[in-house]
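Enquirer: Got a structure for you, written out below as structure tokens; questions coming shortly.
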Amino acid sequence: MTLNATHDPARRSWVESANVPDADFPLQNLPLGVFRPSLQAVARLGVAIGDRVVDLSALAQAGLLPPSVASACQQTTLNALMALGAPAWSALRARLSELLGADTCPPGELRSRIERHLTPLRTAIMLLPAQIGDYTDFYASLHHATNVGSMFRPDNPLLPNYKWVPIGYHGRSSSIVASGTPIRRPHGQLKPSDVAAPAFGPCKNLDYELELGAFVGPGNVLGERIPIAAAAQQIFGVALLNDWSARDIQTWEYQPLGPFLAKNFATTLSPWVITQEALAPFRAPAYARPPSDPAPLPHLNDETDAAAGAFDLTLEVWLLTAKMRLTGEGPHRISRAQSNGMYWTFGQLLTHHASNGCNLQPGDLLGSGTLSGPTRESRGCLLEYTWRGTDPLRLPNGEERQFLADGDEVIFRGYAERAGARRIGLGECRGLVLPAL
Ligand code: MN
């Protein structure tokens, strides 16, 4: 993906809040989502600019969007737009950049026609961006896999397949919820190692997992594959994803078939999809494999993917406890990780997923797996951060956590920053833990 005028850091929007240096949604971002302007209104597509959301459905009805995307922009999910493919996504982005640019849309009749369709982000009700047919979660962070593996197998943290085949499992889409939806602490079978039989009860070791979710674009026909060289163009965009995990349920149930009820009670997704074109200035080389590691097999090996198949994003975990809310404290940042620590690129994950002929469809979601870095401050879940609870998280107000408590709110934030490019943000992914029923 080459850079174009929409990435020009000098471009400014006539929506003044978009021009603040640390704004998540400047003119160079233009993330897409689904919102209701009010409780009674029907869902519609929107693009975030500064502290406003622009109604794409209204712009399409007014004849202001390219004909290739006009119908897709009047749907209630992003799926139809995802199905159109990269040239159509690019045409939409170019047009939105023009319509919302200060120089390209000077004060006048056109600008006032658009101004009528702005809603403050503060009052917009954000929904899931797509109807997610299938959700797959991977395990692509080498640091995460090594940390978790070493807790259970100190001598042999990485299983022999890890560096050959991307590890993943099929998740569940029915319990994926929009940011801000409270999460109910799940019940499950728990069997501490010092008791003989499991008991059914509320999860005691509730955790978050800091992840990126990638949305599939057009996808592939059942029985056909997606070549690695075509994989990048198949990814519509990314959002923040919290793969809530019940560690005690997981420990008991996961062998031999992998995660099940420990994972599928809730998954939270941030509302704004950062498009692949918005991420173009933040492309990075794939994980630098040391010479002792195997090269990817030919069907997962591509020069362009190796050179620029990763994204350089910074992701953060913040925690706001019930006590902090009561005393008026702001959330506390627990950790910060880089997304370029993924051993596999999203292109490789997607190509691998379709390599047996499994059909991927527009709106399918691929989770990266927990994103952790090499230091404690860059670990993407409490299991790792507290090392199975043995080294608790200590908060500035004196509270301690081994795992999440009722009333805790977990907040993920993300952004991309690079010299010569305009900083863009991913917004927030939030979820408050409610007591078990
Ligand atoms: Mn996960």
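The values are calculated or read from the model by the stated rules, or taken from the named source; none is laboratory data. Because the structure is predicted, anything quoted here is derived from the model rather than measured. Here the Cβ is made from the backbone with ideal geometry for all residues, glycine too, and neighbour counts use every protein chain on show. To get the accessible areas, we keep the full protein, side chains included, count just its heavy atoms, and leave off ligands, DNA and RNA. Shrake-Rupley method; radii C 1.70, N 1.55, O 1.52, S 1.80 Å.
Enquirer: Which residue pairs have Cβ atoms under 9 Å apart, sit 6 or more places apart or on different chains, and have a first residue in the stretch 325-338 that is closer than 17 Å to residue 312 by Cβ and a second that is open to solvent by 80 Å² or more (accessible area, probe 1.4 Å)?
Expert: Close Cβ pairs satisfying both conditions: 336/377; 337/377.
Enquirer: Shifting gears a bit: Just a yes or no: is a residue in the stretch 65-78 of a type in the set (A, V, I, L, M), crowded, with 23+ Cβ neighbours inside 10 Å and either touching a residue at least 60 places away in the same chain (Cβ under 8 Å) or assigned to a strand (DSSP E or B) (or both)?
Expert: Yes: one or more hits.
Enquirer: Sticking with this one: Specify which of the listed residues (216, 195) is open to solvent by 10 Å² or more (accessible area, probe 1.4 Å) and either away from the ligand (no atom under 16 Å from the Cβ) or without any contact (Cβ under 8 Å) to a residue 60 or more places away in the chain (or both). Working first, answer last.
Expert: Working: 216 fails: open to solvent by 10 Å² or more (accessible area, probe 1.4 Å).
When all the criteria are applied, what remains is 195.
Enquirer: Shifting gears a bit: Of (1) open to solvent by less than 60 Å² (accessible area, probe 1.4 Å); (2) closer than 25 Å to residue 58 by Cβ; (3) more than 15 Å from the chain's Cα centre (by Cα), residue 130 satisfies all except one. Which?
Expert: Every listed condition holds for residue 130 apart from (3).
Enquirer: If I go through the stretch 133-187 residue by residue, how many of them are more than 18 Å from the chain's Cα centre (by Cα) and of a type in the set (Asp, Glu)?
Expert: Residues meeting the conditions: 1.
Enquirer: Only one of 337, 288, 280 is open to solvent by less than 40 Å² (accessible area, probe 1.4 Å), within 19 Å of residue 371 (Cβ to Cβ) and not β-branched (Val, Ile, Thr); which?
Expert: Working: 288 fails: open to solvent by less than 40 Å² (accessible area, probe 1.4 Å); 280 fails: within 19 Å of residue 371 (Cβ to Cβ).
That would be 337, the only listed residue that is open to solvent by less than 40 Å² (accessible area, probe 1.4 Å), within 19 Å of residue 371 (Cβ to Cβ) and not β-branched (Val, Ile, Thr).
Enquirer: Right, another one. Step by step: first the residues of the stretch 345-403, then only those that are open to solvent by 40 Å² or more (accessible area, probe 1.4 Å) and in a helix (DSSP H, G or I), then the one that is nearest to the ligand (Cβ to nearest atom). Which residue is that?
Expert: Ranking the qualifying residues of the stretch 345-403, first place goes to 352.
Enquirer: Of 54, 20, which residue is surrounded by fewer than 24 Cβ atoms within 10 Å (Cβ to Cβ), touching a Leu at 6+ places or on another chain (Cβ under 7 Å) and at pLDDT 95 or above? Steps first, answer last, please.
Expert: Numbers: 20 fails: touching a Leu at 6+ places or on another chain (Cβ under 7 Å).
Sole residue among the options that is surrounded by fewer than 24 Cβ atoms within 10 Å (Cβ to Cβ), touching a Leu at 6+ places or on another chain (Cβ under 7 Å) and at pLDDT 95 or above: 54.
Enquirer: Oh, and also: Does the stretch 112-127 hold any residues that are in a loop (DSSP other than H, G, I, E, B) and either open to solvent by 60 Å² or more (accessible area, probe 1.4 Å) or within 16 Å of the ligand (Cβ to nearest atom) (or both), and which are they? Working first, answer last.
Expert: Of the residues in the stretch 112-127, the ones in a loop (DSSP other than H, G, I, E, B) are 116-117, 121-124.
116, 122, 123 - these are the residues of the stretch 112-127 that are in a loop (DSSP other than H, G, I, E, B) and either open to solvent by 60 Å² or more (accessible area, probe 1.4 Å) or within 16 Å of the ligand (Cβ to nearest atom) (or both).
Enquirer: Only one residue in 94, 86, 62 is under 25 Å from the mean Cα position of the chain (by Cα), open to solvent by 30 Å² or more (accessible area, probe 1.4 Å), at pLDDT 95 or above and more than 19 Å from residue 123 (Cα to Cα). Which one?
Expert: Details: 86 fails: open to solvent by 30 Å² or more (accessible area, probe 1.4 Å); 62 fails: under 25 Å from the mean Cα position of the chain (by Cα).
Result: 94 is the single residue among 94, 86, 62 that is under 25 Å from the mean Cα position of the chain (by Cα), open to solvent by 30 Å² or more (accessible area, probe 1.4 Å), at pLDDT 95 or above and more than 19 Å from residue 123 (Cα to Cα).
Enquirer: Of the residues that sit in the stretch 248-274 and are among the hydroxyl-bearing types (Ser, Thr, Tyr) and crowded, with 22+ Cβ neighbours inside 10 Å, which one is farthest from the ligand (Cβ to nearest atom)?
Expert: Quick first cut of the stretch 248-274, residues among the hydroxyl-bearing types (Ser, Thr, Tyr) only: 251, 254, 267-268, 270.
Subset that is crowded, with 22+ Cβ neighbours inside 10 Å: 267-268, 270.
Details: 267: 9, 268: 12, 270: 15 Å.
My answer is 270.
Enquirer: Filter the stretch 235-247 for residues that are within 16 Å of the ligand (Cβ to nearest atom) and either open to solvent by 10 Å² or more (accessible area, probe 1.4 Å) or small (Gly, Ala, Ser) (or both) and give the result. Spell out how you get there, then give the answer.
Expert: To start, the set of residues in the stretch 235-247 that are within 16 Å of the ligand (Cβ to nearest atom) comprises 238-247.
If the condition is that a residue be within 16 Å of the ligand (Cβ to nearest atom) and either open to solvent by 10 Å² or more (accessible area, probe 1.4 Å) or small (Gly, Ala, Ser) (or both), then 239, 245, 246, 247 are the ones that fit.
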